[in-house]
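Peer 1: Below are the structure tokens for one structure; questions will follow.
The values are calculated or read from the model by the stated rules, or taken from the named source; none is laboratory data. The shown structure was predicted, so the numbers you read here are calculated from the model rather than taken from an experiment. As a convention, Cβ positions derive from the backbone with ideal geometry for all residues, glycine included, and neighbour counts pool all protein chains shown. What goes into the accessible areas is simple: the full protein's heavy atoms, side chains included, and nothing from ligands, DNA or RNA. Shrake-Rupley method; radii C 1.70, N 1.55, O 1.52, S 1.80 Å.
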Protein chains: 4
Amino acid sequence: MIPTDNTRILRVACADATGIIHRVTGVLAEFGLNVIEQEEFVDGETRRFFLRTGFTGDAVNETIEAAVRKAVDDEESFVSVRDRSPRKIAILVTKEAHCIGDLLVRDFSGELNAEIVCVLGNHETLREFVEKFGLPFVHVPSQGLSREEHDAAVLEALAPFAPEILVFAKYMRIIGQGFIDHYENRIINIHHSFLPAFIGARPYHQAYQRGVKIIGATAHIVTGDLDAGPIIAQDIVSVRHSHGVEDMIQSGRNVEKIVLARGLRLLLDDRVFVHGNRTVIFD
Amino acid sequence: MIPTDNTRILRVACADATGIIHRVTGVLAEFGLNVIEQEEFVDGETRRFFLRTGFTGDAVNETIEAAVRKAVDDEESFVSVRDRSPRKIAILVTKEAHCIGDLLVRDFSGELNAEIVCVLGNHETLREFVEKFGLPFVHVPSQGLSREEHDAAVLEALAPFAPEILVFAKYMRIIGQGFIDHYENRIINIHHSFLPAFIGARPYHQAYQRGVKIIGATAHIVTGDLDAGPIIAQDIVSVRHSHGVEDMIQSGRNVEKIVLARGLRLLLDDRVFVHGNRTVIFD
Amino acid sequence: MIPTDNTRILRVACADATGIIHRVTGVLAEFGLNVIEQEEFVDGETRRFFLRTGFTGDAVNETIEAAVRKAVDDEESFVSVRDRSPRKIAILVTKEAHCIGDLLVRDFSGELNAEIVCVLGNHETLREFVEKFGLPFVHVPSQGLSREEHDAAVLEALAPFAPEILVFAKYMRIIGQGFIDHYENRIINIHHSFLPAFIGARPYHQAYQRGVKIIGATAHIVTGDLDAGPIIAQDIVSVRHSHGVEDMIQSGRNVEKIVLARGLRLLLDDRVFVHGNRTVIFD
Amino acid sequence: MIPTDNTRILRVACADATGIIHRVTGVLAEFGLNVIEQEEFVDGETRRFFLRTGFTGDAVNETIEAAVRKAVDDEESFVSVRDRSPRKIAILVTKEAHCIGDLLVRDFSGELNAEIVCVLGNHETLREFVEKFGLPFVHVPSQGLSREEHDAAVLEALAPFAPEILVFAKYMRIIGQGFIDHYENRIINIHHSFLPAFIGARPYHQAYQRGVKIIGATAHIVTGDLDAGPIIAQDIVSVRHSHGVEDMIQSGRNVEKIVLARGLRLLLDDRVFVHGNRTVIFD
């Protein structure tokens, strides 16, 4: 899974057809490119073909993309070639520090294959914490604003930083379709439950009342359907009768931050394909 | 956790009060009983006290129970002393063999601390399989019967075997309150999902459509509320985009049978207290 | 992961080279074969290429194999085309029933994509159990025999059944290199610990003494190096201070049988490549 | 598990005897103390009795301890009463930021029930990072010093901060018995493997070479026996053939920091009893 410096990633999603893998890899061969890693998958139900190829070589991204698009010959195809340079990400927060803190520590350690361009909060709570790490903190309060107005204010505040991906690190706001359209399939959220269980507010209280023996967290792509976007990663932790709501929240935080970081890593590494309401993950 | 042959188990559930543990253990001391293992728990919300004590010694069960009841002085108390002799259980099935098969193999291996008095099916499918193991198989078909009539027929068929506990090992029938009342807190069911996700039918199909990355199973006490009874045990297994519905069903079966066996073991070993819609489990 | 009836599986392992995937898939395209599922992997260290392709179409196995061998042009290549018909397996046991029992129940349920040709034991203990399922049980006692003699007797007893794969389902014998050579990379064993922890005898006793909080099991290919063969699958279960050695053994059995079944399924489905002391698993 | 502000914790470890729980709880009753939570355990092999009781009330710690000591009447008993005020901890590091970073973020969030009095490193690497959080960083280089000399220098540097507990958060030094004796049973270390697998250096390289499918981490009490101290907590994460050593290190870090934090929390909350080479954990 480790990228070498000059590896690039080709991703293709299109309708399946006989010989498609041969035609796509033919493009790579034609340009003298060297395949380092490759995974493909054909969905049995939808007959959609997914390919992720890591390669080295000299041809220009756009040239390769054009040749692959021609080879797959599907108007609805997705074809992308990217190098491994860090992407610009913005992190959105509210008041809780565990997820943003985890990402900032990873950034400090050089573990995060991304450039954090800013952190935006709808509260001031985390300003001091974020600024410790030398990052700009942008406060966009929501008081007195409709959801649409706040969404617009957030989009406007993010614009100068030109983030490619947004990370909702316990950003406790519901956003509208207009916002989502600006960053389609480029917003990752951490939900504090094992979706689809405990949709909505206060999932740990719900879990406690239900008497579950396992709690979890879910990293997913944000869509217009609340808490119902395509799932990237999930994990769980066991709880006991002796664990109260606060214990569950505490255990849950451990899962939340790890699952968000894992999901983000997969996204940054071009390993996630959105496929309707599901995902294809090459890890 | 290993019972010695002559260990008995005292269980107490009652309202908490200062000195209650001292008074209860005072009864044991008074009778010269030797505490081998003991766990207790006081629920922070409901202030209910739970105790499970394994002990050796000579006093008679009923004498100990009466003395403990007097010591806790709560009209709503639950007090029980039992020896470790195997309990009589009946297993109810429909067509799937994995859970009943797992229990029969455990029984053969001497792992199951219970006496299986009969297996009852609403189909004939598993008769031959069950009879291999020398156990009586009772068929109670549901065709042409209302739910109440079928419930009554099942109860009548079970009666001569006098089971203490019923195990629903993929018994795909919804039973009525009348049935449940006959075996209050003594029916364990395996639900083929990580409750409360995917309540109802075809949970693996639901899970596949939702694109989850983890599936699970839940062993719970059957109450009048479908799939909402107190949870005893849960576990999960990871799935990938390459896993179709059939793969999920297959992986799910592995979790189902282990979770059911684990939940049943806890129940047979007097380690489960029902506490409203939750459970206290001393494992 | 679900095979359709007429799918065949092509497997290739060889030295990596530029364009290799294009050349191999070119063979499939040339014969007009339709790729249903495909995974590939190039090991970063050894530069070895692994491919597993599920396809449909008409060409003959041997013709495809020959064409692929020519395309990869590596004298050390492994190339195999197989249909999905059930393979013949023999299961070897000693006295414990949980693993063989689990496999027999799966076989009964039609879950096992294999034909169990016989069960062989070095003790008589499980004869009655196995014969319930209508399978031949072969007893090859080891008393008075050297390891070599017993190995030879087992091989001789197995020969008429012509098994393709041997499953050591708690077969508590150490076998010699001569035995292994007969079934190279075709023997799967379940080891009752999380290898490489607790190699050798009585791992649960070792685990208890060491005070671990997790125990596990490992399914691996048997090689001449005791308990050191390539690992196919591993899983774990948590334990507590209240769990004695017997509890660990009991919990461990649950993991053992599931891990063995999972490893066997991967093997039967041609998803396992042995790669030195490691494995490449396409699941 | 949630402490209320004025709860105190009584811990007792001593030889088991008939009526011991009654005598100990008699002391609590005598002083009019109210038991909020209580767990006890008697080890079947060693016949050692362990008790952890959370209580409220007015009696003085020392008075209670003396009365309990008298009640258990065992010269080798351990008896301790403590309030829930945060303990002073020192964190020792080398160069890696993930564990210390995780603890500092928890401290910032108010999740850590402890007062971090200083961070000590044998390298300067993490000074800037630690000082961001307003904590003193002490550098004790080891160059040119024998192990004994460096140990002594570290002890001397820690002394003014009077830490009660030391946390080795990826402190990559082996310490001598002299050091350990100063903080007997009060040093927690995170080992980057699932002990007892992969003892010693470079466990992820060992794990990669061995081809394991699961890696893990272990939080344990430091004793004179390298990597063999009593285990408090362990957890694991799955890996695949596509994961190189660097991927394993990355995944391993996620487990390491969570396991260390979990182990530390149990220790700070007086939930850990050392019992020979094992632990009794009341969680």
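Peer 1: Identify, from the list B:D225, B:D235, B:D247, the residue that is closer than 14 Å to A:R210 by Cα and charged (D, E, K, R).
Peer 2: B:D225
Peer 1: How many residues does the stretch D:8-60 contain that are under 21 Å from B:E30 (Cα atoms), of a type in the set (S, T, Y) and open to solvent by 40 Å² or more (accessible area, probe 1.4 Å)?
Peer 2: 1
Peer 1: Condition first: touching a residue at least 40 places away in the same chain (Cβ under 8 Å) and either over 21 Å from B:T279 (Cα atoms) or within 8 Å of chain B (Cβ to nearest Cβ) (or both). Now tell me which residues in the stretch A:191-207 satisfy that.
Peer 2: Result: A:H192, A:F194.
Peer 1: Output the number of residues of the stretch B:120-158 satisfying the condition of being out of contact with any Leu (no Cβ under 6 Å at 6 or more places or on another chain) and closer than 18 Å to B:I188 by Cα.
Peer 2: Looking only at that region, the number is 6.
Peer 1: Limited to the stretch A:72-90, what total is found for residues that are over 17 Å from the mean Cα position of the chain (by Cα) and of a type in the set (A, V, I, L, M, F, W, C)?
Peer 2: 4
Peer 1: Okay, moving on. So A:R106 clears everything in (1) more than 20 Å from the chain's Cα centre (by Cα); (2) within 14 Å of another protein chain (Cβ to nearest Cβ); (3) open to solvent by less than 40 Å² (accessible area, probe 1.4 Å) except one condition, right? Which one?
Peer 2: (1) is the only condition that A:R106 fails.
Peer 1: Residue by residue through the stretch D:187-201, note down the ones that are modelled with pLDDT of 85 or more and farther than 11 Å from D:M248 by Cβ.
Peer 2: Listed by number, the residues that qualify are D:I187, D:I188, D:N189, D:I190, D:H191.
Peer 1: A:N185 fails exactly one of the following numbered conditions: (1) in contact with a strand residue (DSSP E or B) (Cβ under 9 Å, 6 or more places away or on another chain); (2) among the polar types (S, T, N, Q); (3) crowded, with 20+ Cβ neighbours inside 10 Å. What is the number of that condition?
Peer 2: (3)
Peer 1: While we're here: Does the stretch C:45-61 contain any residue that is at pLDDT 95 or above and assigned to a helix (DSSP H, G or I)?
Peer 2: Scanning the stretch C:45-61, I find at least one residue that is at pLDDT 95 or above and assigned to a helix (DSSP H, G or I), so the answer is yes.
Peer 1: When you look at B:D247, is it open to solvent by less than 10 Å² (accessible area, probe 1.4 Å), at pLDDT 95 or above and either over 11 Å from the mean Cα position of the chain (by Cα) or among the charged types (D, E, K, R) (or both), yes or no?
Peer 2: no
Peer 1: Does the stretch D:223-244 contain at least one residue that is of a type in the set (D, E, K, R), over 25 Å from D:H182 (Cβ atoms), buried (at least 20 other Cβ atoms within 10 Å of the Cβ) and touching a Phe, Trp or Tyr at 6+ places or on another chain (Cβ under 9 Å)?
Peer 2: yes
Peer 1: If I filter the stretch C:219-241 down to residues being more than 8 Å from chain D (Cβ to nearest Cβ) and not hydrophobic (A, V, I, L, M, F, W, C), which single residue comes out as farthest from the chain's Cα centre (by Cα)?
Peer 2: Out of the qualifying residues, it is C:S238.
Peer 1: Output the number of the condition that D:V117 fails; it satisfies all remaining conditions of (1) among the hydrophobic types (A, V, I, L, M, F, W, C); (2) open to solvent by less than 30 Å² (accessible area, probe 1.4 Å); (3) more than 30 Å from D:T63 (Cβ to Cβ).
Peer 2: D:V117 satisfies all of (1) among the hydrophobic types (A, V, I, L, M, F, W, C); (2) open to solvent by less than 30 Å² (accessible area, probe 1.4 Å); (3) more than 30 Å from D:T63 (Cβ to Cβ) except (3).
Peer 1: Suppose we filter the stretch C:258-273 for residues that are basic (K, R) and at the interface with chain B (Cβ under 9 Å from one of its Cβ atoms); how many remain?
Peer 2: 2
Peer 1: Could you identify the single residue in A:T223, A:T218 that is outside any strand (DSSP E or B) and not aromatic (F, W, Y)?
Peer 2: It is A:T223.
Peer 1: Could you please give the count of residues in the stretch B:12-25 that are closer than 23 Å to D:R48 by Cβ and within 7 Å of chain D (Cβ to nearest Cβ)?
Peer 2: 3
Peer 1: Quick one: A:V93 ticks every box in (1) away from chain D (no Cβ under 14 Å); (2) buried (at least 23 other Cβ atoms within 10 Å of the Cβ); (3) under 18 Å from the mean Cα position of the chain (by Cα) except a single one, so which number is it?
Peer 2: That leaves (1) as the condition not met.
Peer 1: Please give the number of the condition C:F108 fails out of (1) farther than 19 Å from C:N254 by Cβ; (2) touching a residue at least 40 places away in the same chain (Cβ under 8 Å).
Peer 2: Among (1) farther than 19 Å from C:N254 by Cβ; (2) touching a residue at least 40 places away in the same chain (Cβ under 8 Å), C:F108 violates only (2).
Peer 1: Which numbered condition trips up C:R210, out of (1) within 7 Å of another protein chain (Cβ to nearest Cβ); (2) more than 26 Å from D:Q206 (Cβ to Cβ)?
Peer 2: Tallying (1) within 7 Å of another protein chain (Cβ to nearest Cβ); (2) more than 26 Å from D:Q206 (Cβ to Cβ), C:R210 fails exactly one: (2).
Peer 1: Moving on to the next point. Which of the residues that make up the stretch D:228-247 are part of a helix (DSSP H, G or I) and in contact (Cβ under 8 Å) with a residue 12 or more places away in the chain?
Peer 2: D:V245
Peer 1: Just to be sure before I move on: is C:Q250 within 10 Å of chain D (Cβ to nearest Cβ), assigned to a helix (DSSP H, G or I), without any contact (Cβ under 8 Å) to a residue 12 or more places away in the chain and out of contact with any Phe, Trp or Tyr (no Cβ under 6 Å at 6 or more places or on another chain) in the structure I sent?
Peer 2: Taking the combined requirement at face value, the residue does not satisfy it.
Peer 1: Please verify whether the stretch B:212-221 includes one or more residues that are in contact with a Phe, Trp or Tyr (Cβ under 6 Å, 6 or more places away or on another chain), more than 25 Å from B:Q38 (Cα to Cα), crowded, with 24+ Cβ neighbours inside 10 Å and in contact (Cβ under 8 Å) with a residue 24 or more places away in the chain.
Peer 2: Yes.
Peer 1: Exactly one of these conditions fails for D:S146: (1) closer than 27 Å to C:F194 by Cα; (2) open to solvent by less than 60 Å² (accessible area, probe 1.4 Å). Give me its number.
Peer 2: D:S146 satisfies every listed condition except (1).
Peer 1: Can you pull out every residue in the stretch C:43-76 that is within 21 Å of C:E164 (Cβ to Cβ) and in contact with a Lys or Arg (Cβ under 6 Å, 6 or more places away or on another chain)?
Peer 2: Passing the criteria: only C:R52.
Peer 1: Could you please let me know if C:A197 is under 11 Å from the mean Cα position of the chain (by Cα), not assigned by TED's automatic domain parsing to the domain that holds C:A15 and not in a helix (DSSP H, G or I)?
Peer 2: no
Per-residue answers, yes or no, for (1) free of Cβ contacts under 8 Å to residues at least 40 places away in the same chain; (2) touching a Gly at 6+ places or on another chain (Cβ under 9 Å); (3) of a type in the set (S, T, N, Q):
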| site | (1), (2), (3) |
| --- | --- |
| A:E62 | yes, no, no |
| A:A71 | no, yes, no |
| A:E76 | no, no, no |
| A:R82 | no, no, no |
